[in-house]
1. Considering the stretch 3-49 alone, what residues qualify as being open to solvent by 50 Å² or more (accessible area, probe 1.4 Å), within 18 Å of Leu75 (Cβ to Cβ) and part of a helix (DSSP H, G or I)?
2. Mind listing whichever residues of the stretch 55-76 are surrounded by 14 or more Cβ atoms within 10 Å (Cβ to Cβ) and hydrophobic (A, V, I, L, M, F, W, C)?
3. Given the criteria hydroxyl-bearing (Ser, Thr, Tyr) and surrounded by 15 or more Cβ atoms within 10 Å (Cβ to Cβ), does Tyr101 qualify?
4. Tell me yes or no: at least one residue of the stretch 12-33 is among the β-branched types (Val, Ile, Thr), touching a strand residue (DSSP E or B) at 6+ places or on another chain (Cβ under 9 Å) and touching a residue at least 40 places away in the same chain (Cβ under 8 Å).
5. Within the stretch 1-15, track down each residue that is within 16 Å of Leu50 (Cα to Cα) and of a type in the set (Val, Ile, Thr).
6. Return yes when Gly52 is in contact with a Ser or Thr (Cβ under 7 Å, 6 or more places away or on another chain), surrounded by 15 or more Cβ atoms within 10 Å (Cβ to Cβ) and in a strand (DSSP E or B) and no when it is not.
7. Say we look at the stretch 70-120 and pick out the residues that are part of a helix (DSSP H, G or I), among the aromatic types (Phe, Trp, Tyr) and in contact with a strand residue (DSSP E or B) (Cβ under 6 Å, 6 or more places away or on another chain); which of these is farthest from Phe45 (Cα to Cα)?
8. Condition check: within 17 Å of Lys97 (Cα to Cα) and either modelled with pLDDT under 90 or touching a helix residue (DSSP H, G or I) at 6+ places or on another chain (Cβ under 6 Å) (or both). Does Ala39 satisfy that?
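The values are calculated or read from the model by the stated rules, or taken from the named source; none is laboratory data. If you're wondering where the values come from, they're calculated on a predicted model, not measured in any experiment. Cβ: placed from backbone, ideal geometry, glycine included. Neighbour counts: every protein chain shown. Protein only, heavy atoms only, side chains kept; ligands, DNA and RNA dropped before computing areas. Shrake-Rupley method; radii C 1.70, N 1.55, O 1.52, S 1.80 Å.
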Amino acid sequence: DIDEINASAPIRQGREMSAGYKEKAKPITGNYTCTDHYAKFFGAFIEGKLVGYIVGNFAGELSAASQILGHNDYLKTGAMINLWVEFVRFSMENKVKAVTYYLWDSGTEGLRYWKHSVGLMAMQVSQ
C-alpha cells in the first residue's frame, strides 16, 4: 500500500524523506465534477501488490505529476517506467499537450537522469 511504499526507503535521492511521506496516507475525498480540472491516481502493480504510484493533476491541456514514488524493493523491475508510460498515454488520450514533473533541474543527478530518460525536457512556458 501507499504507506509501505513511502516507508520502503528512508533516504531517496540522497535526502531523508520529507515529513509528508512519513505520515499515514489519508483518503482523498471530494466530489470533483469538472472534466477539465481534476486529480487522478495511477498505480503500478506486480502480482496484485501496489509497488508504485503517481498522483496526476490535470488542467485543460496540461498534466502534472505531483508525486511519483516506487517501492524501493521493486525499482529495478521496470514498473515505474511502465507507470510513467501509462500516465503519459492517459494524458495524450485526454487531449493533454504538455506533461510536467516538477522543475527540470530539481533533484539529484539520479532524478535528473530519470527525467531525461523518460523524455522530459526543460522548456519555458508562458501565456
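1. Glu4, Ala7, Tyr21 - these are the residues of the stretch 3-49 that are open to solvent by 50 Å² or more (accessible area, probe 1.4 Å), within 18 Å of Leu75 (Cβ to Cβ) and part of a helix (DSSP H, G or I).
2. Val55, Phe58, Leu62, Ala64, Ala65, Ile68, Leu69, Leu75, listed by residue number.
3. Spelling it out, Tyr101 is indeed hydroxyl-bearing (Ser, Thr, Tyr) and surrounded by 15 or more Cβ atoms within 10 Å (Cβ to Cβ).
4. Looking for residues that are among the β-branched types (Val, Ile, Thr), touching a strand residue (DSSP E or B) at 6+ places or on another chain (Cβ under 9 Å) and touching a residue at least 40 places away in the same chain (Cβ under 8 Å), one finds none in the stretch 12-33, hence no.
5. Ile2, Ile5
6. No.
7. Phe87
8. Yes.
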